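Undergrad: Pasting in a structure now, in structure tokens, and then I'll have a few things to ask.
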Amino acid sequence: MGATRDNGAMSLSSRRASDPDATSASRDSGALVIEHVTKDYRTGSRVTHVLDDVSLRAETGQFVTIIGPSGCGKSTLLRIAAGLLRPDRGAVTLFGERPDHAATAHIGYVPQTPSLLPWRTVLANVELALQLNTRAGRPPSPDSGSAREMLERFGLAHVLDRRPHELSGGMRQRVAIARSFIVDPTVLLMDEPFSSLDELTRDAQGRELLRLWQWNQKTVLFVTHSVSEAVAFSDVIVVMSSSPGRIATTIPVALERPRDEGRERSGARRDLEDQVRDELRRHAPAAQ
Amino acid sequence: MISPSPTDGSEPRPARETVRRHLRWWFPPLVSVGVLGLAWQLYALHNPYVIPTIPQIADQFRHAPGLYWHDMLVTLQEALIGAAGGMVLGFLLAVTMSRLPLVERAVMPLAVALNVTPVIAIAPGLVVAFGFGYLPKYIIAGVVVVFPFLINSLVGLRSADHGLLDVFRTWHASSWQVLWHLELPSSVPYLLAAARICVPLSVVGAVVGEFSAAGQTTGLGSLIEVAANQADLAIVYAAVAVLALLGVSLTLVVVALQHALRNWSPATQTRP
């Protein structure tokens, strides 16, 4: 009895240990590779299937957007990609390394709320990223430059000594994005960073993000529930369906950059937005 | 900047506004204190063996101000040393508990038990164990503040923004860096709110300690004990008045500190 139980535990743990190695052997140079990720949440005796066999990849320098209804597990997927959550099954690799490996993974993570330290100035908030990251054994990269330069590049030179509560919501979010750029991440992970902003601010912030992304082509995984954001930003749009979260379809976006805003929207862009909306509607839960 | 009143009007208007605002602020408490004083005085005149009249209490301060000043300093010192020790201990326990859930499960029941046991019941035992000096008073003043400070510290340490915790984790910040740069500063408003409760509470602890140490002769609690045994009501109530003033003053100090740090972590995270 005891022996068989031991065997079971052994085979389970050895499978878990060998999983990442097995997958990394079969890998080419994808910047971010998510393979067969499954995640359940357990509350008491109830099990909610959040993610079911989700696989996607982002090549170096690609802007990949995940779009889907609320509760489809897109934020969970992003947190798994950041190494903040462990998948029940499957694996995530950044350039062939596990995301929670301190020595290798450079992640720029932008949470849904700006999440700045209210007792620090804007400059001190961004400098903290450099300070803590350097201590973790990573030399500051020459690309990232000083926190001051980075904030100037983000158009925040005039608020360096302000505290977060003195800034508008859009500015706060821009500081948070500057903070994620300063560690010179290989992958940027953004969880609906503009969802709390009004539409005008959101458009301006989006244009700003695209400009900076074009300046130093980061690999980006961007979670949103806005169709126009997805079409304006992405190289690839991943449409998710909910309960359990699955990838419904993947739509490559071949529109030229820079993509124009507002009125001058091309017909191709409108068609693409309609296509994404159709896909979302087709995979929406029956109740809605 | 803060006052919403427009500044375009004529000169005397803001002045009159200020007077009216002060009146609105001070009038209700002045009336309630006046009514209470009058009722006290009327009752004391007809029942001289139950409570002293207000002039009798005032005479105490006129004749022996040094006595009350000295005893107040003794009680204040006991309360402050006890409060400092108790708050530091409560905070360190909270930090340990927030790191190690095992310690929380082991220590929390003891802390709860200590908290629900009336301190006045523990005091005589402590006096026996630690003598008639200041030590048992420090301990009693400390014991009453440990639990409220522990609970508030724990809530404060856990109030750190979840998005920020995630960001720190993607930086691979160490547990100490998270504590120092995120959890500790996040808890500051909670620590101040706890101090507002704990500092006056430690005065209660100090007085309980003085009551329990029969034969000791300094501190406002001892003064009350001795005077009550001699039925010297004017001294008893004069000491009570000093204790009330002491508690109010200590509270005001903490409130001033809270006011000075009101912009420490204004809520920016929840609203866009």
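Undergrad: Take the residues of region B:103-132 that are part of a loop (DSSP other than H, G, I, E, B) and more than 24 Å from B:Asn152 (Cα to Cα): which is most open to solvent (accessible area, probe 1.4 Å)?
TA: B:Phe132
Undergrad: Applying the selection to region B:133-186, what residues are in a helix (DSSP H, G or I), under 30 Å from A:Ala81 (Cβ atoms) and open to solvent by 30 Å² or more (accessible area, probe 1.4 Å)?
TA: B:His162, B:Leu165, B:Arg169, B:Ser175, B:Trp176, B:Trp180, B:Leu184 - these are the residues of region B:133-186 that are in a helix (DSSP H, G or I), under 30 Å from A:Ala81 (Cβ atoms) and open to solvent by 30 Å² or more (accessible area, probe 1.4 Å).
Undergrad: From (1) open to solvent by less than 10 Å² (accessible area, probe 1.4 Å); (2) over 16 Å from the mean Cα position of the chain (by Cα), pick out the condition that doesn't hold for A:Asp203.
TA: Condition (1) is where A:Asp203 drops out.
Undergrad: A follow-up question, please. Which one of these is modelled with pLDDT under 85 and either touching a Leu at 6+ places or on another chain (Cβ under 7 Å) or exposed (fewer than 10 other Cβ atoms within 10 Å of the Cβ) (or both): A:Ser11, A:Ser26?
TA: Result of the check over A:Ser11, A:Ser26: A:Ser26.
Undergrad: Report yes if B:Arg196 is more than 14 Å from chain A (Cβ to nearest Cβ), open to solvent by 20 Å² or more (accessible area, probe 1.4 Å), in a helix (DSSP H, G or I) and of a type outside the set (Gly, Ala, Ser), otherwise no.
TA: yes
Undergrad: From A:Phe222, A:Phe181, grab the single residue that is among the aromatic types (Phe, Trp, Tyr), part of a helix (DSSP H, G or I) and crowded, with 24+ Cβ neighbours inside 10 Å.
TA: On inspection, the qualifying residue turns out to be A:Phe181.
Undergrad: Do we find a residue being part of a helix (DSSP H, G or I) and touching a residue at least 24 places away in the same chain (Cβ under 8 Å) anywhere in region A:258-271?
TA: Within region A:258-271 (the criterion being part of a helix (DSSP H, G or I) and touching a residue at least 24 places away in the same chain (Cβ under 8 Å)), the answer is yes, since at least one residue qualifies.
Undergrad: I've got another one for you. Name the residue that is farthest from the other protein chains (Cβ to nearest Cβ), counting only residues in region A:124-134 that are crowded, with 20+ Cβ neighbours inside 10 Å and closer than 21 Å to A:Ser168 by Cβ.
TA: Among residues in region A:124-134 that are crowded, with 20+ Cβ neighbours inside 10 Å and closer than 21 Å to A:Ser168 by Cβ, the one farthest from the other protein chains (Cβ to nearest Cβ) is A:Val126.
Undergrad: Mind listing whichever residues of region B:199-227 are without any contact (Cβ under 8 Å) to a residue 40 or more places away in the chain and either among the β-branched types (Val, Ile, Thr) or open to solvent by 20 Å² or more (accessible area, probe 1.4 Å) (or both)?
TA: B:Ala214, B:Thr217, B:Ile224, B:Glu225, B:Val226, listed by residue number.
Undergrad: Here is a follow-up. Does A:Val92 satisfy the condition of being at pLDDT 85 or above, outside the structural domain of A:Ser241 (by TED's automatic domain parsing), more than 12 Å from the chain's Cα centre (by Cα) and part of a strand (DSSP E or B)?
TA: yes
The values are calculated or read from the model by the stated rules, or taken from the named source; none is laboratory data. Computed from a prediction, not measured in an experiment: that's the story for all the values here. Here Cβ is always computed from backbone atoms with ideal geometry, including for glycine, and neighbour counts include all displayed protein chains. We work out accessible area using only protein heavy atoms, side chains counted, and drop any ligands, DNA or RNA first. Shrake-Rupley method; radii C 1.70, N 1.55, O 1.52, S 1.80 Å.
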